[in-house]
Amino acid sequence: AQSVTQLDSQVPVFEEAPVELRCNYSSSVSVYLFWYVQYPNQGLQLLLKYLSGSTLVKGINGFEAEFNKSQTSFHLRKPSVHISDTAEYFCAVREMIQGAQKLVFGQGTRLTINP
Amino acid sequence: NAGVTQTPKFQVLKTGQSMTLQCAQDMNHEYMSWYRQDPGMGLRLIHYSVGAGITDQGEVPNGYNVSRSTTEDFPLRLLSAAPSQTSVYFCASSRQGNSPLHFGNGTRLTVT
C-alpha cells in the first residue's frame, strides 16, 4: 500500500515570504499526486495535481509543486504568501483498487501566515 | 451549483445511539466515498462505491455501513456510536479515471 508523509505538521511564515510544504510518497511505480487545501470549517479543495508530463505543476492561488521521481517528493511552493493562504494543506497519492480510485492522504500541514 | 452536499453539519450523539450521515451529489459521478478526518492523521477512507449497487470497504470500515441505491446518494450509517467515532466526516465524489475528488463541507460528529 502506498503512503504519504508530510514532513512538517505546522509551518509559520510571515506575509509575503516564500513557503515550501514538503511531501514524500512511498510508491515506486507511476503515481498520480495531488495537493488539497482546507480552509477553516470547509471541505477540501483541489490546489493542483500531477498526472504525467511536466514535473512542474502550477495550481490555483499562485501555488506550484514539483514532482521529483528520484526523491519520491512532491513539494508545494509559493513565492510570496498572503494572509488568506492560512489553511491546512494535504498531499495525497492516488491508489487504484479494482478500478476505483482511492486517495491516500498525508497527515496535513497547517500553514499559518503572520502579518 | 450544489456539488457534494452533506447533512447535518454538526451532530452530537450518546454512546450506543445510531444515525445516518447524508451525502448527495448532483454531478452524475460514478465514484463516491466517505473519509474521516482526525487531528494528525489526515483523512482515512471508510467506504467507497464505484456505482449504484456497488460498495466496498476502505481503510477504517469497522462500525460503519453504507449503501448506494442511487447514483446521487451515498449515506453513511453508524449503528451503535462509540466515542472513537468522534471525528469530522467528509463525503467525496468523482468521475471514474483520473478525475479529482470533489469534497463536501463535512459533518462534525461528537459521541459522548
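Brief remarks follow.
- Count - residues of segment A:8-30 that are closer than 13 Å to A:N68 by Cα and either in contact with a Phe, Trp or Tyr (Cβ under 7 Å, 6 or more places away or on another chain) or among the basic types (K, R) (or both): 3
- Here segment A:27-54 is the region considered, the condition is being closer than 25 Å to A:I97 by Cα and away from chain B (no Cβ under 14 Å), and the residue that is least open to solvent (accessible area, probe 1.4 Å) is A:S27.
- Subset of segment A:6-25 (residues that are in contact with a strand residue (DSSP E or B) (Cβ under 6 Å, 6 or more places away or on another chain), more than 13 Å from chain B (Cβ to nearest Cβ) and open to solvent by 30 Å² or more (accessible area, probe 1.4 Å)): A:P12, A:F14, A:E15, A:E20, A:R22, A:N24
- Against the list (1) within 11 Å of another protein chain (Cβ to nearest Cβ); (2) open to solvent by 30 Å² or more (accessible area, probe 1.4 Å), the condition A:K58 fails is (1).
- Note on segment B:36-57: residues that are within 11 Å of another protein chain (Cβ to nearest Cβ) and in a loop (DSSP other than H, G, I, E, B) total 5.
- Considering residues of segment A:86-111 that are within 16 Å of A:R22 (Cβ to Cβ) and not hydrophobic (A, V, I, L, M, F, W, C) only, the residue nearest to the chain's Cα centre (by Cα): A:Y89
- Pick from segment A:65-115, criterion without any contact (Cβ under 8 Å) to a residue 12 or more places away in the chain and among the aliphatic types (A, V, I, L, M), ranking: nearest to the other protein chains (Cβ to nearest Cβ): A:A100
- Scanning segment B:26-37 for residues that are open to solvent by less than 20 Å² (accessible area, probe 1.4 Å) and under 25 Å from B:A81 (Cβ atoms) yields B:M32, B:S33, B:W34, B:Y35.
- Counted as qualifying within segment A:62-110 are the strands (runs of 3 or more DSSP E) with 3 or more residues that are open to solvent by 10 Å² or more (accessible area, probe 1.4 Å) and closer than 25 Å to A:P12 by Cα, namely A:64-68, A:73-78.
- Strands (runs of 3 or more DSSP E) lying entirely in segment B:58-111 (those with 2 or more residues that are facing chain A (nearest Cβ under 9 Å) and buried (at least 19 other Cβ atoms within 10 Å of the Cβ)): B:87-94
- Scanning segment A:12-21 for residues that are of a type in the set (A, V, I, L, M, F, W, C) and under 13 Å from the mean Cα position of the chain (by Cα) gives A:V19, A:L21.
The values are calculated or read from the model by the stated rules, or taken from the named source; none is laboratory data. Being a predicted model, the structure only gives us computed values, none of them experimental. Methodologically, a virtual Cβ is constructed for each residue, glycine included, from the backbone with ideal geometry; neighbour enumeration extends over all protein chains shown. Ligands, DNA and RNA are excluded from the accessible area calculation, which covers all protein heavy atoms including side chains. Shrake-Rupley method; radii C 1.70, N 1.55, O 1.52, S 1.80 Å.
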